[in-house]
Structures are given as structure tokens and as C-alpha cells.
Amino acid sequence: MLHLDAASGELRDLAFAELPGLLGARDALVLNDTRVIKARLYGRKSSGGRVELFVERILAEREALALSHSGHSLKAGHRLLVGDGVAVEVLGREEDLVRVRFAEPVAAVLERCGSLPLPPYIRHPPGSEDSERYQTVYAKHSGAVAAPTAGLHFDELMLEKIKEKGASISTVTLHVGAGTFQPVRAENIEEHRMHAERYVVPESTRKIISGKRVLAAGTTTLRALESKTDSGETDLFIHPGFQFRVVDRLLTNFHLPKSSLLMLVAAFAGLENIRRAYAHAIAQRYRFFSYGDAMLIERAK
């Protein structure tokens with residue numbers, strides 16, 4: 001775990017096992033308890049061509065928004081058979097997503113026929129080991145298509161040690177969407193638009209963290225806490241110049257170039273601090289991406 005103090009610029013190489021020693025009674029750890037669903041479905045169009053649906057969000061019992069991959073763009077009226085023969089009708093397009101209606105409840109179809117949506121840079125097909133490793137130990141509410149990967153570092157013993165230090169632990173729920181994989185392509189970052197993601201910050205969590213030094217486990221937790229309301233949908237895009245109101249410390253993994261997540265940590269720690277931290281991480285052979293190493297950032301006040 002790389003420890004970055006944004007105020008001083010100091011970098012320290014630590015082990016993740018040392019995290020409890022950096023916490024005490026004035027600290028509040030907040031976790032994102034979303035659970036990854038088996039969002040990827042394979043099938044065929046009525047014409048016989050192959051199709052892949054990546055369910056980004058369940059809208060109603062039998063309707064969903066999905067990314068689609070096929071030989072030709074899907075349009076309203078197209079009919080598909082996915083999984084073990086479930087009929088799906090394309091209702092229309094909504095920007096880069098398609099709205100689809102299933103002949104059966106979407107959640108049941110995904111659980112029975114779906115495939116775990118590992119990040120695109122993990123090349124092997126998802127197996128039973130990934131089904132366990134790609135969920136946090138505190139995952140509770142199903143709805144994400146990607147894991148809040150900073151949380152993958154925690155196990156039950158680590159959480160108990162943190163409690164023993166006197167720190168509080170509470171949760172938010174933000175269902176991570178497919179937009180987490182999308183690079184920022186706009187020349188002007190103000191023009192970049194995030195996919196909206198459903199979230200809830202419980203009133204109990206707001207009460208627990210009030211007056212505490214808040215440590216957000218992951219960028220999704222931070223985005224939920226820094227959103228203007230306590231529930232709904234957020235398309236909050238955090239980049240340099242953003243004014244943080246809630247989160248004091250951020251635990252996060254190392255992110256892809258040109259990603260919205262890299263811009264978020266640059267806003268939190270300062271661009272030059274992040275440049276130095278990433279150069280240090282590369283030189284010290286830190287592991288990047290979903291199953292990689294962690295960085296703990298102390299925000300400058």
C-alpha cells in the first residue's frame with residue numbers, strides 16, 4: 001500500500017496489513033456494499049447472428065439498459081434469444097445503450113444464464129475463483145456490473161482489527177456501471193459525461209461519520225458521499241478543481257491512463273502529487289488495476 005500525504009507530498013511504502021495502525025477513534029471507514037451481478041449474456045438475433053448483451057442496469061422486473069455487441073447495431077423491434085433460449089425484444093436506443101424487454105424477470109435470467117463481467121484487461125473467462133474474488137466480503141445489495149475494487153483488499157479479520165482500533169465502519173451502496181471502464185475522450189474534460197449510477201447513502205451512515213475523519217474505501221464510495229443528495233442517481237464527474245465536502249482520506253487502487261478515476265484521484269491529491277506517486281509506484285513495481293495494490297491518500301486541507 002502506497003501512502004500519500006497530499007499536504008507534504010510524502011510517500012511511504014507500507015503493507016495493507018498496516019492500515020489499522022493508521023486509524024483510531026476519530027476515524028470513520030465507509031464501504032460500498034454493492035454486489036456484482038452476472039451481467040453478461042450471449043445469444044443470437046432472429047437473423048441468426050451472434051449477439052452479446054452487457055446489462056448495465058435493471059430498470060424494471062423485465063426491462064433493462066444494456067451495452068450490445070453484434071455484427072450490426074441493434075434497433076427497436078429486433079428480437080433476440082439469449083442464455084438458454086430467453087426471448088428479448090429491443091425497445092430502442094438510449095445514447096450508447098439499448099433498452100430491452102425480457103420474457104422473464106431480468107434478475108433471474110442473469111443469475112441462471114449470465115456470466116460475471118470481469119474487466120476487459122482480464123483475458124481469461126470468468127471461473128469459480130473469480131466469482132469469489134470479484135466480490136467484496138461485505139457485498140450485500142446486487143446491482144453492480146463491476147466490483148468496487150478498493151474493497152477487495154479487506155477480509156473479515158482486517159475489518160475486526162479496524163473496529164478494535166476504535167474506528168467506525170458504515171456503508172453506502174453505489175451500483176457501479178459500465179461507464180467505469182470508459183476512458184475520457186473529450187478534449188475539454190468539462191464535456192465528458194458519466195453514465196448515471198444508482199446510489200444510497202443511509203441516514204445512519206451520515207450520522208456515524210458526522211464530525212469524524214472520513215476514509216472512503218474506493219472512488220465509488222467517495223462519489224456517493226460527495227453527491228448532493230443521499231439517494232437517486234449520480235453522474236458526478238470529479239476532476240481537478242472539485243471542492244470536497246465530506247471525504248478526508250481515500251483508499252483506492254491504481255487506475256488506467258485517461259480514465260475518469262485517474263482524474264478523481266488527481267483532484268483529491270493534486271495533479272503533481274499523483275504524477276509523482278504513479279512514477280514511484282511504477283518504479284517500485286506496484287500492481288495496477290482491479291486485483292492490484294492499494295494507495296491511501298490523505299487530502300490536503
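Of all residues being touching a Leu at 6+ places or on another chain (Cβ under 8 Å) and open to solvent by 20 Å² or more (accessible area, probe 1.4 Å) in segment 256-275, which is farthest from residue 174 (Cα to Cα)? Just the residue, please.
Ranking the qualifying residues of segment 256-275, first place goes to 273.
Any residue in segment 227-236 that is open to solvent by less than 40 Å² (accessible area, probe 1.4 Å), modelled with pLDDT of 95 or more and in a loop (DSSP other than H, G, I, E, B)?
yes
Can you list the helices (runs of 4 or more DSSP H) found entirely within segment 99-182 that contain at least 3 residues being closer than 21 Å to residue 214 by Cα?
Details: elements: 106-113, 128-133, 156-164.
Filter on segment 99-182 gives 156-164.
Is it fair to say residue 87 is more than 29 Å from residue 174 (Cα to Cα), among the small types (Gly, Ala, Ser) and in a strand (DSSP E or B)?
yes
Working carefully through the options 139, 146, find the one that is more than 12 Å from the chain's Cα centre (by Cα), among the small types (Gly, Ala, Ser) and either open to solvent by less than 50 Å² (accessible area, probe 1.4 Å) or at positive phi (or both).
After ruling out the rest, the residue left standing is 139.
State all residues of segment 43-57 that are touching a Leu at 6+ places or on another chain (Cβ under 8 Å) and either within 22 Å of residue 176 (Cβ to Cβ) or open to solvent by 40 Å² or more (accessible area, probe 1.4 Å) (or both); if no residue qualifies, say none.
Scanning segment 43-57 gives 44, 46, 52, 53, 54, 55, 56, 57.
Could we say that residue 132 is among the acidic types (Asp, Glu), open to solvent by 50 Å² or more (accessible area, probe 1.4 Å) and more than 19 Å from the chain's Cα centre (by Cα) here?
no
Does residue 17 qualify as being under 24 Å from the mean Cα position of the chain (by Cα), free of Cβ contacts under 8 Å to residues at least 60 places away in the same chain and part of a helix (DSSP H, G or I)?
No.
Residues that are surrounded by fewer than 15 Cβ atoms within 10 Å (Cβ to Cβ), modelled with pLDDT under 95 and within 30 Å of residue 288 (Cβ to Cβ): does segment 97-115 have at least one?
There is no residue in segment 97-115 that is surrounded by fewer than 15 Cβ atoms within 10 Å (Cβ to Cβ), modelled with pLDDT under 95 and within 30 Å of residue 288 (Cβ to Cβ).
Every residue in segment 24-37 that is open to solvent by less than 70 Å² (accessible area, probe 1.4 Å) and under 24 Å from the mean Cα position of the chain (by Cα), please.
Residues satisfying the conditions are 27, 28, 29, 30, 31, 32, 33, 34, 36, 37.
If I filter segment 4-19 for residues that are at pLDDT 95 or above, open to solvent by 10 Å² or more (accessible area, probe 1.4 Å) and of a type in the set (S, T, N, Q), do I get at least one hit?
yes
The values are calculated or read from the model by the stated rules, or taken from the named source; none is laboratory data. Please read these numbers as outputs of a predicted model, since none were measured by experiment. No Cβ is skipped: glycine too gets one built from the backbone with ideal geometry, and neighbour counts run over all protein chains shown. Only protein heavy atoms, including side chains, enter the accessible area calculation; ligands, DNA and RNA are left aside. Shrake-Rupley method; radii C 1.70, N 1.55, O 1.52, S 1.80 Å.
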